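What follows draws every value from the coordinates through simple rules; no lab data is involved. From a predicted model like this one, the values you see are computed outputs, not experimental measurements. Positions of Cβ are generated from backbone atoms using ideal geometry, with glycine treated the same way; all protein chains shown enter the neighbour counts.
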Amino acid sequence: MTLFFQILGMCLFLLVFLVLYRVVFGPGIFNRAAAVSALGNKTLIILLVIGFLYHRVEMFVDISIVYALLNFIGTLAVAKYLEMEQRKL
Amino acid sequence: MIVTKILAVIFMLGGLFFFLTATIGILRFPDFFTRLHATGKGDTLAVFLFLIGFSLYEGFTLTSLKILFIAVFMVLAQPTATHALSRAGMRCGETILLHEEKKEEKKNDSSI
């Protein structure tokens, strides 16, 4: 089962690198914001996989909860900020 | 006991598949709204499947209850965030790439 979690973590790591292309080269700020939101989801799952690999899930699950909340709040804040900037112009 | 482990592995592989499709969508689609469509739905389902799988693998403990809490929260939060981002993009004038515009661009390129 450890081998399964290792392979799962490696696949997710590869997917994070693929999404990172859209974060770096994406045209405009909205594509970057969407890609960062997708990247946060993958990071949340990677944190839990690391917890299962180290047999310390009860510690990593709290970090994962905080990461999910911060990702949600950050995406909402970016969307609201860009909308307000547009209204001012 | 072994049945729940096998079910957990099946759920995790399904989540990995949906993460892969969402990543291909965010890389290959031509437009902001189509990219958001791919990543919003695909990532929501993938995170949900992954967390259900982790919860089944963990068993009936407080940790699995916390993981289920994250799953319920993500199912509520991810569509909200996607909707807010798409509304902001609509009001800030992100362009929607229509099929006819693409054809016209091709015609212009050939005429030049």
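Computed from point charges on the beta carbon alone (+1 for Lys and Arg, -1 for Asp and Glu), the dipole magnitude for the stretch A:10-89 about its Cα centre is near 260 Debye. Between the helical axis of B:99-111 and the dominant principal axis of chain B, each derived from Cα atoms, what acute angle in degrees is found, rounded to the nearest 10? Its long axis makes an angle of about 40 degrees. Pairwise Cα distances in chain B exceed 21 Å for 52 percent of all pairs. Between 0 and 90 degrees, the angle of helix A:57-88 with respect to the longest Cα principal axis of chain A falls at about 10 degrees.
Helix A:2-25 and the longest principal axis of the C-alpha atoms of chain A enclose an angle of approximately 20°. Per-residue mean of foreign Cβ neighbours for A:35-44 is 6 (Cβ atoms of other chains, 10 Å radius). In the stretch A:1-40, inverting the average of 1/r over every pair of distinct C-alpha atoms gives 10.9 Å as the Kirkwood radius. The equivalent ellipsoid that matches the C-alpha gyration tensor of the protein assembly as shown spans semi-axes of 35, 19, 13 angstrom, in descending order. With a Förster radius of 22 Å applied to the beta-carbon distance between B:ARG28 and A:MET10, the computed FRET efficiency rounds to 0.45. Summary of the geometry: the stretch B:9-69 and the stretch A:40-75, compared by the centres of their Cα atoms, lie 13 Å apart. For trypsin sites (Lys or Arg not before Pro), the sites in the stretch A:15-89 that DSSP calls loop and that have at most 13 other Cβ atoms within 10 Å are A:ARG56.
Can you give the Rg/Rh ratio of the stretch A:2-88, where Rg is from the C-alpha atoms and Rh is the Kirkwood radius?
Result: Rg/Rh = 1.08.
Only the Cβ atoms of Lys and Arg (+1) and of Asp and Glu (-1) were treated as charged; on that basis the dipole of the protein assembly as shown about its Cα centre amounts to roughly 120 debye.
With each label modelled as a point 7 angstrom along the Cα→C-beta vector, the B:MET90-A:MET84 pair spans 2.2 nm.
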